[in-house]
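First the structure, in the form of C-alpha cells, and then the observations on it.
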Amino acid sequence: MPKIPGSFCGTSPHRALIKHHINKKLFGQTCEDCALTAKKISTDIRMAATLKLLKPLKYQAFRDSFAYSATQSVAYWNMGSNIRHRGQAPPERSSSCHPARKVKNVGSATFSQRVFTISSAFLGLEFSKASTSKARKLQLDSPRTMKIDEEDVEVFDSFEGTRVFLQLRPEYQLHSYNRSETCQPLSVSEGELILHKVTVYQSNLQPQIIADYFCKLSSLPTEQHPVLLTSTSFALLCQLSVKNIQVFDIPDLISILKAFVSLGIPHSHSMLDVYETRFCQQVWEMSLNQLLLVADLWRCLGLRVPQFLKIFFSYLNLHWKDLSLSQLIHLIYIIGESRQVPQDLMQKLESLILKYIDLINLEEVGTICLGFFKSSSSLSEFVMRKLGDLACADMEHLSSHALVHILKMFRFTHVDHVNFMKRFGEIAPQRIPSLGVQGVMHLTLACSALHFLDEGVMNAVAASLPPRVVHCRSKDIAKILWSFGTLNYKPPNTEEFYSSLINEIHRKMPEFNQYPEHLLTCLLGLAFSEYFLIELIDFALSPGFVKLAQERSKFELTKELYTLDGTVGVECPDYRGSRLSSYLQQEASAKLWNLARKDMNSKPEFLEALSLLETMLGGPQYIKHHMILPHTRSSDLEVQLDINMKPLPFNKEAIPADDVAKLRLKHVGVSLTDNLMNQLLKGKVRGHFQGNNESETLQQPVKSEKESLGNFLSNMAGRLGAVEMAGLHPSAHVQAPPVKLAIQLTNRNQYCYGSRDLLGLHNMKRRQLVRLGYHVVELSYWEWLPLLKRTRLEKLAFLHEKVFTSVL
C-alpha cells in the first residue's frame, strides 16, 4: 500500500496514511527517506538524484534550446559592449531574444574600420556554408519544434496563446503585428547583394532605402536570421538607421520596427533605446491604429517600454472615446502585458466595455479579464456579472485558456457568479485532462479563492495530476495543496494524490531557496489537511530559512511562519525541531491581534453579542475577547464555567484595580434553568432555537419585553452564588478544572460557498481548540444575524442555550 514520503506528525483521516517517525533529517537523508514515488517508497538509489534537480525539466529544456543562439550572436554583440539596463518583457517571449550585449558606440571609428576590412568573399561565405546546418540545429531544439514533436499539453506558448483573439476579427490586422504578413521572400543571394550595397554605398543611402533594406532582409529564410545578426554589414545598416532616425517618417519607423521583430533583434540591443525615444517623440503625431501597432511590436520584441506607454496612455486619456471595439480589446491586452496603467484610464475603458458588451465574443471576454487581472485593475461587480453571463451562455465553445483567464478575474474581484460557477462545474472535469498543469493550478486556485467546492472539479484535478506531477513548478504544487487544504476536501484518490505531490516537494527543494513563500504555502496547505512533514517543517522554521524568507521573498511571510509554528506546537506535541524565535512570535501575535480586534470591533453583530453575553453572565470579568490561538488569525470570546456550570470571573483585566484590592468579588453569574426560561417565554422561544430553519419566525412573548426583562434580571440576582474569584481567594480544597468555552461568531467567509462546511484554516482552528480542551460554541451567522431584528430577551435566551447546553 502506498505511503506518504517524509515524516509525519498527526493521523490522517485515511487509515492508510500512517504516522511516520519524526527523527529524520532533511539534508543527508537516504533515498529511502525522501525520494519516494507516487506509488511506493522507493529503495532505488537512483532516486536520490531527484533531490539534485536544480530546475524543472521544462525550464531546463527551454534554457538549453538557445545555447547555440548565444554562441552565434556573441561575435557581433561583443563589439564595444556592456549590459543594457532596461525593462524586459516576461520570459515566455525570450524565443526572439538572444543572450546579447549592448553596442556601446555604433558609430565608433573602430567599428567603421572593422566594416571595411570585411571582404565580399566573407559576405558570401557567411550565408552559404555551415550556417544552414547550424541554423537547422537551432530550429530542432526550439520550444516551438518540441511542441510539434511531443504534442504535449504541458508545452503551451503563453505568448501566442494569449493572442488568439487577434485572429477573430479582420479589424485587428489594422493595428497588430501579423507574422505571416512580411515582404516578398528574399533569396540568400539577394540578401548578399543588399549587404554588399550597404557596405559600398553606406554614405549615400537614403532613409527610405534603409527602411526598405530592413524590410527585405527580414524576409530572408528563417534559418538565415542568426547568421544575418552576426554580420558586420547588418551592424553597419543598424548604425545608419540610428544616424538617420530623425528623418524617418512614421511609416518607415514602423516598418523598421516590424523588421526588428521578424529578425528577432535582442531586446538588450542599445539601438532599441534610440528607437523608443524616437517613438516617444512621435506619439502625438500618430493615429490610434499606429500607436497600438507600435505598442504591439514592442511587446513582440519582448521589451518593456514604460516611457512610450506613459505618453501613449496620456494620449488615450484624451482620445479614449474614439476607441473602436477591436482597438479597445487590443489595448486591454497590451495593458495587461505591460503591467502598467493609470487607474483612471481603466475606469474609462470599463465604461467602453459596457458600450460594446453585446458585440464582444467569448475569446475577447477572456482577453479583457486577463488584461485587467495582469494590470491589477479591478472591474465592477456589474461588469463582471455581464461578462460572466456572456461566458456561461456558450461556455462549451469557450477555449480552456479563456476560461482560465475569466476565472482569474473572478478570483481577483471575488464576485460570486453562481450560474457561471455551475456551468464551470459541468464542463471543467472534461477539460482538465487536456489542460496543462499551470492551467489546472489556476482553475483550482480560483475555486479556492471563491470558496467554491465542486467535488467533480476537485476529483478531476486530483486524478489528472499524479501522472504528470513532474511538470509542476513549485508554485503549482503550493497553490494546489493550498486549494485542497483551504476547501477542506480530500478526493477519492487521496493517497496517490498527496503522495505524488509530497514527493515532488522534495524534488523541488532547490526552487524553494528562490521562492521560499511556496514552501510555506505547501506546508500550510498540508497542515489544513492534517499532514505534517516534520523534517520540512524543521527546515522551514530554521533560522537560516526564516532569514531567507524575510530577505528574498517579495511577500511578508511572518504571519505564515507564525501560523506554521503555532500549528506544529499544538498538533505535534512530540516535535523537537526548530521553532520560531520568541521575538518573531510576539511581533506576529501583536500584528494579528490588532487586525482581529479592529475587524471584530467594527461589526455591530459582534458588539451586540459581546454586550449581551456580559449582561447574561454578570459582567465583563466573566468573558474575555482575545485570540486563544493567535496563529489562527481570528479571535474568540472565552468563557469559563465551574463544575456546577456557573460562570467564573477569570478575566482579571476587566476588573478595576481598586476593586481587586478591596473586595472579595462575589460570583454574579447565573445558572438559568429550563423551567425559568419556559416561565419567562411561555415555552415558545425554546422550540425555535432548536430548529434549523433560519427564516422561521419567532413567537412574541405574552408579556412586554420590558416587564419580562425585569423579571429575567430579577431571577438572575436571586440566584447569585458567593463563589470567590480564582487566584484572589483560593479555596480550601482542590477545585475541578474549569470548563473552557471558545465562543465563535462566524461569517459567510469562513465556509465553503452555499454550504455549512468550514474552510481549512477555520476547521484547523477548531481542531486545535478541542486538542487544548476547549468546547467550541458556534454563533453561526445563519442563526445570529436574523436574531438581530428580534427582541433583547429572545437574544438572551438564544445565547443562554448556546452557552449552557454546549457542554452537555
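The values are calculated or read from the model by the stated rules, or taken from the named source; none is laboratory data. None of these values were measured; they are calculated from a predicted model. Positions of Cβ are backbone-derived with ideal geometry, glycine not excepted, and every protein chain shown enters the neighbour counts. We work out accessible area using only protein heavy atoms, side chains counted, and drop any ligands, DNA or RNA first. Shrake-Rupley method; radii C 1.70, N 1.55, O 1.52, S 1.80 Å.
Going through 560, 556, 535 one at a time, which residue ends up being touching an Asp or Glu at 6+ places or on another chain (Cβ under 9 Å), within 23 Å of residue 764 (Cβ to Cβ) and open to solvent by 10 Å² or more (accessible area, probe 1.4 Å)? Working first, answer last.
Working: 556 fails: touching an Asp or Glu at 6+ places or on another chain (Cβ under 9 Å); 535 fails: open to solvent by 10 Å² or more (accessible area, probe 1.4 Å).
When all the criteria are applied, what remains is 560.
How many residues, within the stretch 440-452, are open to solvent by 10 Å² or more (accessible area, probe 1.4 Å) and either β-branched (Val, Ile, Thr) or farther than 11 Å from residue 480 by Cα (or both)?
At the first step, the residues of the stretch 440-452 found to be open to solvent by 10 Å² or more (accessible area, probe 1.4 Å) are 442, 445, 449-452.
Those left that are additionally either β-branched (Val, Ile, Thr) or farther than 11 Å from residue 480 by Cα (or both): 449-452.
Residues that pass the stated criteria total 4.
Return the residue satisfying two criteria in turn: it lies in the stretch 163-193 and is part of a helix (DSSP H, G or I) and closer than 14 Å to residue 221 by Cβ, and of such residues it is least open to solvent (accessible area, probe 1.4 Å).
Restricting attention to the stretch 163-193, the residues satisfying the condition of being part of a helix (DSSP H, G or I) are 164-167, 170-174, 188-193.
Filter once more, keeping what is closer than 14 Å to residue 221 by Cβ: 188-192.
On the way: 188: 42, 189: 76, 190: 89, 191: 0, 192: 50 Å².
So the residue we want is 191.
For (1) surrounded by 17 or more Cβ atoms within 10 Å (Cβ to Cβ); (2) out of contact with any strand residue (DSSP E or B) (no Cβ under 9 Å at 6 or more places or on another chain); (3) under 21 Å from residue 303 (Cβ atoms); (4) not small (Gly, Ala, Ser), each residue gets a yes or a no:
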position	(1), (2), (3), (4)
203	no, yes, no, no
206	no, yes, no, yes
214	yes, yes, yes, yes
241	yes, yes, yes, no
249	no, yes, no, yes
264	yes, yes, yes, no
269	yes, no, yes, yes
275	yes, yes, yes, yes
284	no, yes, no, yes
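State whether one or more residues within the stretch 477-491 are within 19 Å of the chain's Cα centre (by Cα) and at positive phi.
At the first step, the residues of the stretch 477-491 found to be within 19 Å of the chain's Cα centre (by Cα) are 477-488.
Subset that is at positive phi: 488.
Scanning the stretch 477-491, I find at least one residue that is within 19 Å of the chain's Cα centre (by Cα) and at positive phi, so the answer is yes.
How many residues does the stretch 453-478 contain that are open to solvent by 30 Å² or more (accessible area, probe 1.4 Å) and in contact (Cβ under 8 Å) with a residue 40 or more places away in the chain? Break it down into steps so the answer makes sense when it comes.
Initially, the stretch 453-478 is screened for residues open to solvent by 30 Å² or more (accessible area, probe 1.4 Å), giving 453-456, 459, 463, 467, 470-471, 473, 475.
Checking which are in contact (Cβ under 8 Å) with a residue 40 or more places away in the chain leaves us with 453, 470-471, 473, 475.
Here the count works out to 5.
Name the single residue that is modelled with the lowest pLDDT among those in the stretch 286-302 being small (Gly, Ala, Ser) and either surrounded by fewer than 19 Cβ atoms within 10 Å (Cβ to Cβ) or part of a loop (DSSP other than H, G, I, E, B) (or both). Step through it out loud before you land on a result.
The initial filter retains those residues of the stretch 286-302 that are small (Gly, Ala, Ser), namely 287, 295, 302.
From what is left, the residues that are either surrounded by fewer than 19 Cβ atoms within 10 Å (Cβ to Cβ) or part of a loop (DSSP other than H, G, I, E, B) (or both) are 287, 302.
On the way: 287: 90, 302: 84.
Top of the filtered list is 302.
Would you mind telling me which numbered condition in (1) at pLDDT below 55; (2) closer than 30 Å to residue 248 by Cα; (3) β-branched (Val, Ile, Thr) residue 199 fails?
(1)
Residues that are open to solvent by 30 Å² or more (accessible area, probe 1.4 Å) and assigned by the TED database to the domain that holds residue 442: find the helices (runs of 4 or more DSSP H) completely inside the stretch 303-403 holding 3 or more of those.
Numbers: elements: 306-319, 325-338, 343-355, 362-374, 381-393.
Ranges flagged: 343-355, 362-374, 381-393.
Any residue at all in the stretch 262-284 that's outside any helix (DSSP H, G or I), in contact with a His (Cβ under 8 Å, 6 or more places away or on another chain) and under 30 Å from residue 343 (Cα atoms)? Talk me through it step by step, then tell me what you get.
Narrowing the stretch 262-284 to residues outside any helix (DSSP H, G or I): 264-270.
Right, trim to in contact with a His (Cβ under 8 Å, 6 or more places away or on another chain) and you get 264, 266.
Right, trim to under 30 Å from residue 343 (Cα atoms) and you get none.
Scanning the stretch 262-284 turns up no residue that is outside any helix (DSSP H, G or I), in contact with a His (Cβ under 8 Å, 6 or more places away or on another chain) and under 30 Å from residue 343 (Cα atoms).
Those residues that are polar (S, T, N, Q), in contact (Cβ under 8 Å) with a residue 24 or more places away in the chain and over 20 Å from residue 753 (Cβ atoms), I need them from the stretch 764-808; list them, please. Step through it out loud before you land on a result.
Our first condition is that a residue be polar (S, T, N, Q); within the stretch 764-808, this holds for 768, 780, 791, 805-806.
So of that shortlist, the ones also in contact (Cβ under 8 Å) with a residue 24 or more places away in the chain come out as 768, 780, 791, 806.
Passing the criteria: 768, 791, 806.
Could you look through the stretch 492-516, keep only residues that are surrounded by fewer than 22 Cβ atoms within 10 Å (Cβ to Cβ) and among the polar types (S, T, N, Q), and pick out the one that is nearest to the chain's Cα centre (by Cα)?
Across the stretch 492-516, the extreme among qualifying residues is 514.
Of the conditions (1) among the small types (Gly, Ala, Ser); (2) out of contact with any Leu (no Cβ under 7 Å at 6 or more places or on another chain); (3) modelled with pLDDT under 90, residue 388 clears all except one; give me its number.
For residue 388, the exception is condition (3).
For residue 451, state whether it is within 30 Å of residue 360 (Cα to Cα), outside any helix (DSSP H, G or I) and out of contact with any His (no Cβ under 9 Å at 6 or more places or on another chain). Break it down stepwise before answering.
Working: within 30 Å of residue 360 (Cα to Cα): yes; outside any helix (DSSP H, G or I): yes; out of contact with any His (no Cβ under 9 Å at 6 or more places or on another chain): yes.
Judged against the criteria, residue 451 is a match.
Within the stretch 590-617, how many residues turn out to be open to solvent by 30 Å² or more (accessible area, probe 1.4 Å) and small (Gly, Ala, Ser)?
3
Just a yes or no: is a residue in the stretch 412-420 over 27 Å from residue 571 (Cα atoms), part of a helix (DSSP H, G or I) and under 19 Å from the mean Cα position of the chain (by Cα)?
Pass one, the stretch 412-420, residues over 27 Å from residue 571 (Cα atoms): 412-420.
Those left that are additionally part of a helix (DSSP H, G or I): 412-413, 418-420.
Still in the running and under 19 Å from the mean Cα position of the chain (by Cα): 412-413.
Yes, the stretch 412-420 contains a residue that is over 27 Å from residue 571 (Cα atoms), part of a helix (DSSP H, G or I) and under 19 Å from the mean Cα position of the chain (by Cα).
For residue 754, indicate whether it is on the phi > 0 side of the Ramachandran plot and in contact with a Phe, Trp or Tyr (Cβ under 9 Å, 6 or more places away or on another chain). Show your work before the answer.
Working: on the phi > 0 side of the Ramachandran plot: yes; in contact with a Phe, Trp or Tyr (Cβ under 9 Å, 6 or more places away or on another chain): yes.
So residue 754 fits the description; yes.
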